[in-house]
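Below: one structure in structure tokens.
The values are calculated or read from the model by the stated rules, or taken from the named source; none is laboratory data. A quick note: this is a predicted structure, and the numbers were derived from the prediction, not measured. Quick reminder, even Gly has a Cβ in these numbers, built from the backbone with ideal geometry, and neighbours come from all protein chains shown.
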Amino acid sequence: MNIQEFLCKKAVTADLKSSTKKEVIEELVDLLLDAGAIDKKIRTKLIETLLAREALGSTAIGQGIAIPHGKCENVNKLTAALGISRQGVDFDSLDGEPAHIFFLLVAPVDSAGPHLKALARISRLLKDKFFRENLKSIEDSKTILTLVTQEDERMN
């Protein structure tokens, strides 16, 4: 599974404005809504689902990365948003560091396999420190998409 299969190209930002975990999740969900990737009617339910998942344990995996994710009714297909925060956000990371790179992943309730494959692919993509540093320095979404696509293809 490649990132391009589920990353919504219109839901990428190089400039997240949020300063809290809840705000980051809301901002990334709104990117998906604005892109037409998910139905506006499920916004509240989706945010509740994602925050409930965070309450089980932070999805910040360290090294400046967080992958908030969840499965929700009325989500028709696996989809993701990507945001970069210049200032970093306290996301209760295991290493105590603020998160700068956020992949928000949402999936239909019955998609355990694809959901896990997507999480694994995102984790693998972000393992490379040089790639992460490049991603954090980019100032526009088009260049972020290009870099993610190149790195994703390189991993195949």
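Report, ordered by the first and then the second residue, all pairs with beta carbons closer than 7 Å, sequence separation of six or more or different chains, a first member in segment 127-156 that is within 16 Å of Ala81 (Cα to Cα), and a second member that is among the charged types (D, E, K, R) and not in a loop (DSSP other than H, G, I, E, B).
Leu145/Lys9
Looking at Thr49, is it more than 18 Å from Arg121 (Cβ to Cβ) and in contact with a strand residue (DSSP E or B) (Cβ under 9 Å, 6 or more places away or on another chain)?
Yes: the conditions hold for Thr49.
When segment 62-93 is examined, which residues are found to be among the charged types (D, E, K, R) and closer than 15 Å to Cys8 by Cβ?
Passing the criteria: only Lys77.
Just to be sure before I move on: is Gly64 surrounded by fewer than 20 Cβ atoms within 10 Å (Cβ to Cβ), at positive phi and modelled with pLDDT of 95 or more in the structure I sent?
Judged against the criteria, Gly64 is not a match.
Go through (1) surrounded by fewer than 13 Cβ atoms within 10 Å (Cβ to Cβ); (2) not in a loop (DSSP other than H, G, I, E, B) for Lys127 and report which single condition fails.
Single failed check for Lys127: (2).
Does Thr79 satisfy the condition of being surrounded by fewer than 19 Cβ atoms within 10 Å (Cβ to Cβ), among the polar types (S, T, N, Q) and modelled with pLDDT of 95 or more? Show your work before the answer.
Numbers: surrounded by fewer than 19 Cβ atoms within 10 Å (Cβ to Cβ): no; among the polar types (S, T, N, Q): yes; modelled with pLDDT of 95 or more: yes.
No, not satisfied.
Would you confirm, using the coordinates I've provided, whether Leu33 is in a helix (DSSP H, G or I) and modelled with pLDDT of 95 or more?
On the way: in a helix (DSSP H, G or I): yes; modelled with pLDDT of 95 or more: yes.
It is true that Leu33 is in a helix (DSSP H, G or I) and modelled with pLDDT of 95 or more.
Within segment 41-56, work out how many residues are acidic (Asp, Glu) and touching a residue at least 12 places away in the same chain (Cβ under 8 Å).
Of the residues in segment 41-56, the ones acidic (Asp, Glu) are 48, 54.
Subset that is touching a residue at least 12 places away in the same chain (Cβ under 8 Å): 54.
Of the residues in that region, 1 qualify.
Checking Leu50 against (1) in a loop (DSSP other than H, G, I, E, B); (2) buried (at least 18 other Cβ atoms within 10 Å of the Cβ): exactly one of these is not met. Which one?
(1)
Also, quick follow-up: Could you please let me know if Asp92 is on the phi > 0 side of the Ramachandran plot and either surrounded by 21 or more Cβ atoms within 10 Å (Cβ to Cβ) or over 13 Å from the mean Cα position of the chain (by Cα) (or both)?
Considered against the rule, which asks whether it is on the phi > 0 side of the Ramachandran plot and either surrounded by 21 or more Cβ atoms within 10 Å (Cβ to Cβ) or over 13 Å from the mean Cα position of the chain (by Cα) (or both), Asp92 comes out as yes.
I'm checking my understanding of the structure. Among residues of segment 11-23 that are over 12 Å from Gln87 (Cα atoms) and buried (at least 17 other Cβ atoms within 10 Å of the Cβ), which one is farthest from the chain's Cα centre (by Cα)?
Applying the first criterion (over 12 Å from Gln87 (Cα atoms)) to segment 11-23 yields 11-13, 21-23.
With the extra rule that they be buried (at least 17 other Cβ atoms within 10 Å of the Cβ), the set shrinks to 11-13, 21.
On the way: Ala11: 10, Val12: 9, Thr13: 11, Lys21: 12 Å.
Across segment 11-23, the extreme among qualifying residues is Lys21.
May I ask you to say which residue of Ile38, Ile61, Ile84, Ile25 is assigned to a helix (DSSP H, G or I), among the β-branched types (Val, Ile, Thr) and either in contact (Cβ under 8 Å) with a residue 24 or more places away in the chain or in contact with a Pro (Cβ under 9 Å, 6 or more places away or on another chain) (or both)? Full working, then the answer.
Details: Ile38 fails: assigned to a helix (DSSP H, G or I); Ile61 fails: assigned to a helix (DSSP H, G or I); Ile84 fails: assigned to a helix (DSSP H, G or I).
Going through Ile38, Ile61, Ile84, Ile25 in turn, the sole match is Ile25.
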